[in-house]
Amino acid sequence: MQAVLVDQLRKANRRITVQRMQVFEGVKGLDSHPSALEVFEAVKPRLPSISLATVYRNLHILRLEGLLREIHCDRGITRFDSNLSEHYHFHCTSCQRVSDVPSYSREIERSFSEKTGLHISGHHLTFQGLCNDCLKVEPSR
Ligand SMILES: [Zn+2]
Ligand SMILES: [Zn+2]
């Protein structure tokens, strides 16, 4: 069991259910930033009775409690991320995988804030291109 997860859910007065734990594990276990449907497919073998609606509901609650982040990298697909540290993403336009780019620049925020006078509290950045696996398949691109 995930101690942090259990702690956080308790503090928020949320029930700790098998479904909730499995949905969280499902996101954590897939480093590809899964969509709700992909989480559903990952959890189903372990919990055959779980429905897609239950997966959606639990993803929503886990996000509200700050245990997961929602990311939007491509064509309106909502994906879920268990990596809560500030980081960028790389979206492969061929296989659609989304991977973490462990980098984050406060400098961009500072300079933009200086130029515009806006109060910047964060930013999202997604790089696009071909991942190493897809490059091997399509060497001409
Ligand atoms: Zn790829
Ligand atoms: Zn990520």
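Highlighted here are the strands (runs of 3 or more DSSP E) found entirely within the range 59-141 that include at least 1 residues which are of a type outside the set (A, V, I, L, M, F, W, C) and over 22 Å from Gly26 (Cα atoms): 126-129. Exactly one residue out of Val23, Val39, Val6 is over 13 Å from the mean Cα position of the chain (by Cα) and either exposed (fewer than 12 other Cβ atoms within 10 Å of the Cβ) or on the phi < 0 side of the Ramachandran plot (or both): that is Val6. Is the range 55-71 home to any residue that is within 16 Å of ligand 1 (Cβ to nearest atom), of a type in the set (A, V, I, L, M, F, W, C), closer than 24 Å to Phe127 by Cβ and in contact (Cβ under 8 Å) with a residue 12 or more places away in the chain? Looking through the range 55-71, none of the residues is within 16 Å of ligand 1 (Cβ to nearest atom), of a type in the set (A, V, I, L, M, F, W, C), closer than 24 Å to Phe127 by Cβ and in contact (Cβ under 8 Å) with a residue 12 or more places away in the chain.
Would a scan of the range 35-42 turn up a residue that is part of a strand (DSSP E or B) and either under 30 Å from Val137 (Cα atoms) or out of contact with any strand residue (DSSP E or B) (no Cβ under 6 Å at 6 or more places or on another chain) (or both)?
There is at least one residue in the range 35-42 that is part of a strand (DSSP E or B) and either under 30 Å from Val137 (Cα atoms) or out of contact with any strand residue (DSSP E or B) (no Cβ under 6 Å at 6 or more places or on another chain) (or both).
Listed by first and then second residue, the pairs with beta-carbon distance under 6 Å, at least 6 apart or on different chains, first residue in the range 1-24 and within 25 Å of Leu37 (Cα to Cα), second of a type in the set (Ser, Thr, Tyr) and surrounded by 12 or more Cβ atoms within 10 Å (Cβ to Cβ), are Gln19/Thr54.
Per-residue answers, yes or no, for (1) closer than 30 Å to Leu9 by Cβ; (2) within 16 Å of ligand 2 (Cβ to nearest atom):
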site	(1), (2)
Val23	yes, no
Lys28	yes, yes
Leu47	yes, no
Arg75	no, no
Asp81	yes, yes
Ser103	no, yes
Ser113	no, no
Leu135	no, no
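Read-outs: derived from the displayed coordinates by stated rules, not from any lab. Source: prediction; values computed, not measured. Quick reminder, even Gly has a Cβ in these numbers, built from the backbone with ideal geometry, and neighbours come from all protein chains shown.
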